[in-house]
Amino acid sequence: MPETKITDNRRVARNTVFLYVRMILILGVTLYTSRIVLDVLGVNDYGIYNVVGGVVAMFAFLSNSMASATQRYLTYELGRGDAARLRTVFSAALRIHLVLGAVIVVLAETIGLWFLNEKLVIDPERMSAARWVFHFSVITFFVNVLQVPYNAAIIAHEKMSIYAYVSIAEVMAKLLLVYLLKVLPYDKLVLYALLMLLVQVGVRVFYQLWCRSRYAECRSVPVHDRALYREMSSFAGWNVLGSLAWIMKDQGVNILLNLFFGTAVNAARGIAAQVSYSVNSFVNNFQVAFNPQITKNYAAGEVKEMERLALRGLKFSFLLLYFLALPLLLNVGFILDVWLKEVPEYADIFIILIMCDALVCSLSGSPLMTSLAATGRIRNYQVAVSLLVMMTLPVSYFLFRSGMAPETVYWVMICFSALSGAARFLFARHQIGFSLRNYVREVLLRTAAVLVLSLPVPLVLRLMVFHEDNVWTFLALCAASVICVAASAWFAGLDRSERDSTGKMIADWLRKIR
């Protein structure tokens with residue numbers, strides 16, 4: 001293997017480790033603080049925070065579309081090695097985000113506030129608190145929008161270690177937040193929203209100062225290149241469809257559940273989303289470490305290497321998510337009982353179905369999206385795939401109108417995730433030349449083999465041996481799941497070169513800790 005490829009692989013592995021350290025810190029504190037926050041706020045107030053924040057997040061499609069454009073352009077220019085152009089791109093992105101942030105604030109404080117007051121199902125006695133939560137959430141969102149170009153610069157430079165360091169301070173702040181929430185004599189819902197805002201402001205200020213001190217392009221310069229503004233805005237404009245589709249799938253469904261079933265079901269959905277976010281973040285961290293290399297390979301004209309990385313990223317994403325999800329799904333009732341003092345109704349089935357949807361999405365996720373974005377030709381792809389994803393909302397609405405149960409929305413979501421994933425790969429095949437044969441052989445068949453080989457033993461143990469939920473059942477099922485998935489992934493999921501490189505990495509790691 002060429003020296004540059006070895007260096008790239010080591011960089012990906014090192015960055016993945018840093019991102020996992022970050023995620024473990026966040027996961028531990030998130031699980032603890034979620035339990036305390038749900039207990040302090042109560043099911044209804046927790047549901048209010050979840051759905052009101054969702055109204056603000058409905059406007060995230062504007063920011064998310066520009067975030068994708070910024071990430072693509074910065075990484076592409078780094079791949080080309082054009083420092084002057086890189087600085088111009090960052091400065092243009094910063095100005096665009098400032099304008100976008102202002103637009104989002106105006107939209108949220110007009111249309112969003114009207115929707116909160118007139119449409120959401122909230123106890124009238126808690127409406128005043130809900131409005132405060134809404135205003136604080138809008139400000140928090142604005143701060144996060146302005147942070148996007150700095151985060152994009154860190155990812156483009158593949159300096160993932162900074163996320164781990166910042167997370168130490170962030171989780172300490174959130175632990176302090178929980179303590180203050182319990183001891184301060186104010187409305188707990190309003191106080192929680194305010195404290196979350198203060199934490200995000202602190203994180204944003206640090207990232208800005210750090211980037212400006214390390215990367216020359218992060219010191220803004222005047223930009224009068226109208227062609228660049230048009231190019232980035234056009235790219236972001238088509239990304240609006242994709243971002244809007246995902247917002248409708250996520251927060252749109254959350255609001256739909258509120259309209260038909262009230263805030264108690266929103267609390268269940270919030271818990272399920274928290275679990276899904278925590279597990280998926282492990283996979284997302286892996287993908288964040290992969291994605292810059294995919295874009296840089298395309299910028300350098302190495303399309304075959306980009307395809308190899310993308311397909312490997314898809315397969316590893318599924319295997320990693322499945323490795324974490326199977327023990328969770330087999331023990332979901334026990335985990336919820338231990339984790340939460342009061343378990344919202346539907347939380348268990350929501351978690352099971354939302355994790356199944358995540359597994360389906362991982363087969364056509366971020367590596368494919370990054371590959372398509374790297375080409376800069378995303379109009380047709382975004383239109384087709386976004387329309388499929390958006391169908392989740394209207395189909396679920398009509399099913400709810402006909403009297404279907406709340407969990408129906410996740411079955412609909414899984415179906416359209418599979419269809420949109422198939423469409424996404426077809427576009428990658430048509431626009432970039434990805435091989436359908438390689439995708440079926442290296443991703444679909446290998447992941448299917450892992451499923452077939454690893455599921456029988458844990459399922460038999462769950463259904464026929466361990467009927468009661470307790471610590472011993474939890475430990476036994478976790479051990480069986482880990483062993484079965486690891487063995488199946490090793491022999492059926494990885495090819496020979498992947499087994500060799502993984503074995504070498506493990507051996508090197510064992511030698512270092514002796």
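Within the range 432-454, the residues that satisfy the criterion of being in contact (Cβ under 8 Å) with a residue 40 or more places away in the chain and either more than 24 Å from Arg308 (Cβ to Cβ) or in a helix (DSSP H, G or I) (or both) are Asn438, Tyr439, Glu442, Val443, Leu444, Arg446, Thr447, Ala449, Val450, Leu451, Ser454.
Listed here are the helices (runs of 4 or more DSSP H) enclosed by the range 349-431 that have at least 1 residues being open to solvent by 10 Å² or more (accessible area, probe 1.4 Å) and among the small types (Gly, Ala, Ser): 366-375, 379-390, 408-431.
Looking at this structure, is Leu146 touching a Gly at 6+ places or on another chain (Cβ under 7 Å), part of a helix (DSSP H, G or I), touching a residue at least 24 places away in the same chain (Cβ under 8 Å) and on the phi < 0 side of the Ramachandran plot? Considered against the rule, which asks whether it is touching a Gly at 6+ places or on another chain (Cβ under 7 Å), part of a helix (DSSP H, G or I), touching a residue at least 24 places away in the same chain (Cβ under 8 Å) and on the phi < 0 side of the Ramachandran plot, Leu146 comes out as yes. Looking only at residues of the range 153-172 that are surrounded by fewer than 17 Cβ atoms within 10 Å (Cβ to Cβ), more than 30 Å from Gly79 (Cβ to Cβ) and in contact with a helix residue (DSSP H, G or I) (Cβ under 8 Å, 6 or more places away or on another chain), we find that the one that is modelled with the highest pLDDT is Ala169.
So, in the range 465-495, exactly how many residues are of a type in the set (S, T, N, Q) and outside any helix (DSSP H, G or I)?
1
Which count do you get for residues in the range 86-104 that are touching a helix residue (DSSP H, G or I) at 6+ places or on another chain (Cβ under 9 Å), open to solvent by 50 Å² or more (accessible area, probe 1.4 Å) and among the β-branched types (Val, Ile, Thr)? So the count comes out to 1.
Annotation: of all residues in the range 289-341 being open to solvent by 20 Å² or more (accessible area, probe 1.4 Å) and among the small types (Gly, Ala, Ser), the one that is farthest from Arg377 (Cα to Cα) is Gly333. Exactly one residue out of Val332, Val385, Val360 is at pLDDT 85 or above and over 30 Å from Leu461 (Cβ atoms), and it is Val385. Scoring Ile122 on the criteria (1) in a helix (DSSP H, G or I); (2) touching a residue at least 60 places away in the same chain (Cβ under 8 Å) leaves a single failure, condition (1).
Every condition in (1) at pLDDT 75 or above; (2) in contact with an Asp or Glu (Cβ under 6 Å, 6 or more places away or on another chain) holds for Pro292 except the one numbered (1). On the stretch given as the range 124-152, residues that are under 19 Å from the mean Cα position of the chain (by Cα), open to solvent by 30 Å² or more (accessible area, probe 1.4 Å) and within 17 Å of Tyr192 (Cα to Cα) total 1. In the range 195-220, the residue that is farthest from Tyr46 (Cα to Cα) out of those that are aliphatic (A, V, I, L, M) and open to solvent by 60 Å² or more (accessible area, probe 1.4 Å) is Leu209. For the range 158-171, indicate whether the set of residues that are part of a helix (DSSP H, G or I) and over 26 Å from the mean Cα position of the chain (by Cα) is non-empty. Scanning the range 158-171 turns up no residue that is part of a helix (DSSP H, G or I) and over 26 Å from the mean Cα position of the chain (by Cα). Note on the range 75-118: residues that are at pLDDT 85 or above and touching a Lys or Arg at 6+ places or on another chain (Cβ under 6 Å) amount to 0.
The values are calculated or read from the model by the stated rules, or taken from the named source; none is laboratory data. All of these numbers come straight from a predicted model, not from anything done at the bench. Cβ coordinates were reconstructed from backbone atoms using ideal geometry, including for glycine residues, and neighbour counts include every protein chain displayed. Each accessible area value is taken on the protein alone, full model and side chains, heavy atoms only, with ligands, DNA and RNA left out. Shrake-Rupley method; radii C 1.70, N 1.55, O 1.52, S 1.80 Å.
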